[in-house]
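Worksheet for the structure shown next.
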Amino acid sequence: MLETFLVNILFLVLPILLIVVFFDNKKKNDQLVILFFFAASMILCMVYPIKLELGFLFDLRYVPYIIVGLYGGYKGLFPLFLILNVYRIFLGGNGTFNSFATSTVIFILLPLMTKRFNGYNTKMRIITGVSAAVFIMIIYLLLLSSYFEVLNEEYWTLTFYAITTHGIVIAIDLIMIEKIIANIKNRENFLQAEQFHVISELSASVSHEIRNPLTVTKGFLQLLNVSKTVQDEDKVYLDYSLKELIRAENILNDYLAFAKPQSEHMVQSNFKKEFEYVKNVLLPLANLNNVEISYHFSNTLKKKFDQNQLKQCLINLLKNAIEAMKEDGGNLVIEVTDQGKNIVIRIQDTGIGMSKEEILQLGKPYYSNKKEGTGLGMMMVYGTIGKMKGRIDVQSKKGEGTTFTITIPT
Ligand code: ADP
Ligand code: MG
């Protein structure tokens, strides 16, 4: 029995292993491959069931089934549902109906959780997955109990083995999957930090060089603008030139804000002063756009950080949130709390939101969807939070709004 059990564990771990080794660059067509692996793992579990000494068989087919259902929703589970039942019908025997009923109920109900499940943190996802597996096993065993005349010791032994094995195996699988997801995220963050680092070094020097000629040119254009010898119709061109120059200056300022080593001003505090400052700075912009701010501060943890950078970073985030609600106003929630040893900042808006692809672009230099945008704000945000060893999680839905959750360790 131990051997088949170990073989089954191998079947369940194998797809994860293959995915890590060969397919972890998160491309679209990878999803099909991943699905194929889980389907194969499910079939293998059915082909080599675990034989209990008392003569009962049980298998772990529902482990991959549940995992795909939880992470992939209806779209992912449907192929597995088909494969499982076609194969089960092909096998025949008196458990067929039972298996069909169980897999159908799981297929209908489990994906209802997918959305909430994917929003959970790692620990909650593992707990939820294990609970789901144990719960499903209990239901399955209840159905099975109708085949027993009396619920004898054999039934209870089967129950014990089925529930513990499922619980343990799915926990192992989920822990591995979560670790992979965390690694992928870390790698992306690292790449982004690297990109940011190079750009900020180059930009600091270049911006300084460009700023002086810009200021001089702007000054002379302003003089020309009030000059009496220039025709009024020609002043239109001067106006345009000035506007464009100011735009260029804004871009430079955005650059310099995060690349100015001389403005470093390290402080040790709980963020309260910084948040109040930033909130006050942005209040007029919020009022102008009919945005209501609700602010909640209860953090007691202290952190050492560069005050100017943090202020700028918060301004960038809040400005984006307000700009996302430009069309018809909305609510901006700012929340700063402590959770364990982490400071947790939540910035939530009810604005235009972003698609999954747009979220992935966030923080890349020059990525902007705005007419007057520079696409540098978020890059600075990622850079600053990265320097503080923090993490940024973005949740967003087109048309509904966006939540930035920033976790900073102290
Ligand atoms: P900019 O604001 O100059 O466009 P950012 O780097 O600040 O540049 O933001 C990049 C893009 O990310 C924005 O153009 C916008 O499309 C998107 N974005 C950022 N924050 C939000 C938000 N809270 N809601 C919707 N979209 C956002
Ligand atoms: Mg911005």
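Please check which bits of segment 206-225 a label hung off D239 would reach, taking the label as a point 7 Å along Cα-to-C-beta and the cut-off as backbone N under 17 Å.
221-225
For the pair F5 and I127, what calculated FRET efficiency results from E = 1/(1 + (r/R0)^6), where r is the Cβ-Cβ distance and R0 = 25 Å, to the nearest 0.05?
Details: r = 24 Å, r/R0 = 0.95.
My answer for the efficiency is 0.60.
Can you compute 3J(HN,Hα) from phi for each residue in segment 37-47, using the Karplus curve 6.51 cos²θ - 1.76 cosθ + 1.60 with θ = phi - 60°, rounded to whole Hz and x for Gly and Pro?
So the Karplus estimates, Gly and Pro as x, are 4, 5, 5, 4, 5, 5, 5, 4, 4, 6, 6 Hz.
Rounded, prolate or oblate, given the Cα gyration tensor of segment 198-322, with a/c below 1.5 counting as rounded?
Judged from the Cα gyration tensor, segment 198-322 comes out oblate (a/c at least 1.5, b/c at or above a/b).
Who wins for biggest fluctuation among S227, S103, S145 in a Gaussian network model of the chain, springs between alpha carbons below 10 Å?
S227
Treat each spin label as a single point 7 Å out from the Cα along the C-beta direction, and report the I180 to Q339 distance in nm.
Label-label distance for I180 and Q339, simple model: 2.5 nm.
Can you give me the angle between helix 96-109 and the longest principal axis of the chain, using Cα atoms only, in degrees from 0 to 90, rounded to the nearest 10?
With rounding to tens, the tilt is 20 degrees.
Against the longest principal axis of the chain, how steep is helix 272-288, in degrees 0 to 90 to the nearest 10, with axes from Cα atoms?
Long axis of 272-288 versus the principal axis of the chain: about 80 degrees.
If I take R0 = 41 Å and measure r between the Cβ atoms of Q231 and N287 in this structure, what FRET efficiency does the formula 1/(1 + (r/R0)^6) give, to the nearest 0.05?
On the way: r = 40 Å, r/R0 = 0.99.
That gives a FRET efficiency of 0.50.
Most mobile of Y155, Y277, Y147 per a Gaussian network model of the chain (Cα springs, under 10 Å)?
Y147
Can you pull the one-decimal nm distance between simple spin-label points at L112 and I139, each 7 Å off the Cα toward Cβ?
Reported label-point gap for L112 and I139 is 0.9 nm.
Starting from the Cα gyration tensor of the chain, take the square roots of the eigenvalues, sort them a ≥ b ≥ c, and report rounded, prolate or oblate (rounded when a/c is under 1.5, otherwise prolate if a/b is larger than b/c, else oblate). Don't jump to the answer; show the numbers that get you there.
Working: a/c = 2.93, a/b = 2.69, b/c = 1.09.
It comes out prolate by the Cα gyration axes.
Around E274, under 11 Å between beta carbons, what's the net of Lys plus Arg minus Asp minus Glu among the other residues?
Working: positive: K272, K273, K279, K303, K311; negative: E276, D306.
With Lys, Arg at +1 and Asp, Glu at -1, the net is +3.
On a 0 to 90 degree scale, rounded to 10, what angle separates helix 307-324 from the longest Cα axis of the chain?
On a 0 to 90 degree scale, this one is about 80.
For segment 134-149, take each phi angle, set θ = phi - 60°, evaluate the Karplus expression 6.51 cos²θ - 1.76 cosθ + 1.60, and give the result in whole Hz per residue in order, putting x for glycine and proline.
Coupling constants for segment 134-149: 5, 4, 4, 4, 4, 4, 4, 5, 5, 4, 5, 4, 5, 7, 9, 6 Hz.
Could you give each residue of segment 81-91 its phi-based ³J(HN,Hα) in whole Hz, using Karplus coefficients 6.51, -1.76, 1.60 with θ = phi - 60°, and x for Gly or Pro?
Values, residue by residue: 4, 4, 4, 4, 6, 4, 5, 5, 5, 4, 5 Hz.
Springs between alpha-carbon atoms under 10 Å, Gaussian network over the chain: tell me which of D173, D234, D328 tops the mean-square fluctuations.
D234
Which residues among segment 292-307 fall inside the zone where the amide N is under 16 Å from a point 7 Å beyond the Cα of V267, along Cα→Cβ?
Backbone N within reach: 299-307.
So, in nm, how far is label T96 from label Y147 when the simple model puts each one 7 Å beyond its Cα toward the Cβ?
According to this spin-label approximation, the distance is 1.4 nm.
FYI, it's all coordinate maths here, none of it is from the lab. Note that the coordinates shown come from a computational prediction; the quantities given were computed from them, not determined experimentally. Neighbour counts are summed over all protein chains in view; Cβ atoms, including those assigned to glycine, are modelled from backbone coordinates with ideal geometry.
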